[in-house]
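Everything below concerns the one structure shown next.
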Amino acid sequence: MKKGHVLKPVKKAVFPVGGMGTRFLPATKAVPKEMLPVVDRPLLQYAVDEALAAGIEQMIFVTGRGKAALEDYFDVAAELENLLRARGKEVELRVLEGTRLSPGSIAYVRQQEPAGLGHAVWCARHITGDEPFAVLLPDELLWNPTDPCLAQMVRARNEVGGTVIAVMEVPEKETHRYGIVDPGASHGALTEVKGFVEKPKPGTAPSRLAAVGRYLIEPECMALLAEGRRGAGGEIQLTDALAQLIGRQPFHAYTYSGARFDCGDKAGHVTANIALALARPDIGPAVRAWLDANVR
Ligand code: G1P
């Protein structure tokens, strides 16, 4: 980063949570997909915890119809807590602590139409203002309990400034499902981004480095999203707006080290449950015993 340039810290995070979750019907008929548990915590809680660990102070949820459960979840449940207190259920009370953020630190804004990820992020523009912000896609469970992904990225951004997106290598045959980076020079986990393309057609991907749902973004991105250009799938794509910033500001891909589960997918969601259950001292042994007896 240029000497003398003061990098504004990232204090705000945008969570696009307006999606209908059709892949998880019928469960998502009445429960937002972000509330589906991985072991005993909703998917969204993992992303919020990751943001907190990276120093984020304000969470902005871009919601939609039928997502009221999210607001209740991050609210104080006085009746429940009083009952637990009266019954001396200290463990259960402590478990609820992670659902309480400091007053005023969550904002909700509605995305009124499913016009794409870029559109969802743009819906938060009045709250992000002229500050850099993070975007976390809660479907992507990036699991590294000792050094969570967003904290890794914040450290990387402190070195280079500008836009930083988390990437991982995916198999060639899956590149059409992701935002794919055209890579330049690499220094450790950081790779310069020369191009960024949303869902390239099979056989045309510039690399196997795929965006995995974590972004540190400069405020200039919002003006580009405001143009409302439609990209892959006829949607306003975050990838396309970010791609326009290449060459204008530093732009790096950060190769995240840790586990990744695509919980927007049924197999990924089940796998996440198994992996995180195995890591738990309370239930891990029982789950392992079942797997040992039943899975070759
Ligand atoms: C979104 C992004 C894509 C990214 C992916 C990660 O796609 O548009 O660039 O690679 O998330 O999961 P979606 O999965 O919403 O189609």
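Overview of results
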item	result
Mean Cβ neighbour count within 10 Å, used as a protection proxy, ranking 187-196, 18-27 highest first	187-196, 18-27
Crossing angle, helix 266-278 versus the chain [Cα axis fit, 0-90 degrees, rounded to tens]	60 degrees
Förster radius 22 Å - calculated FRET efficiency between residue 23 and residue 126, Cβ distance, rounded to 0.05	0.10
Segment 72-155, accessible area per residue, ligands and nucleic acids excluded (1.4 Å, Å²)	55 Å²
Semi-axis lengths, Å, segment 1-78, gyration tensor of Cα atoms, sqrt of 5 times eigenvalues	30, 14, 12
Descending semi-axes in whole angstrom, ellipsoid equivalent of the chain, from the Cα gyration tensor	31, 23, 20
Per-residue HN-Hα couplings for segment 20-30 [Karplus 6.51, -1.76, 1.60; θ = phi - 60°; Hz; x = Gly/Pro]	7, x, 4, 5, 10, 5, x, 3, 7, 5, 10
Magnitude of the charge dipole, the chain, Cβ model with Lys/Arg +1 and Asp/Glu -1, debye to 20	320 debye
Pairwise centroid distance, computed over Cα atoms, of segment 107-163 with segment 269-283, Å	26 Å
Computed E for residue 295/residue 89 - FRET, C-beta separation, R0 51 angstrom, nearest 0.05	0.90
Sulfur and carbon atoms: percent of accessible area, the chain [1.4 Å]	55 percent
Distant alpha-carbon pairs in segment 209-296 (separation over 18 angstrom), percent	64 percent
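The values are calculated or read from the model by the stated rules, or taken from the named source; none is laboratory data. Computed from a prediction, not measured in an experiment: that's the story for all the values here. Cβ atoms come from the backbone with ideal geometry, glycine included; neighbour counts cover every protein chain shown. Keep in mind that these areas ignore ligands, DNA and RNA; they rest on the heavy atoms of the full protein, side chains included. Shrake-Rupley method; radii C 1.70, N 1.55, O 1.52, S 1.80 Å.
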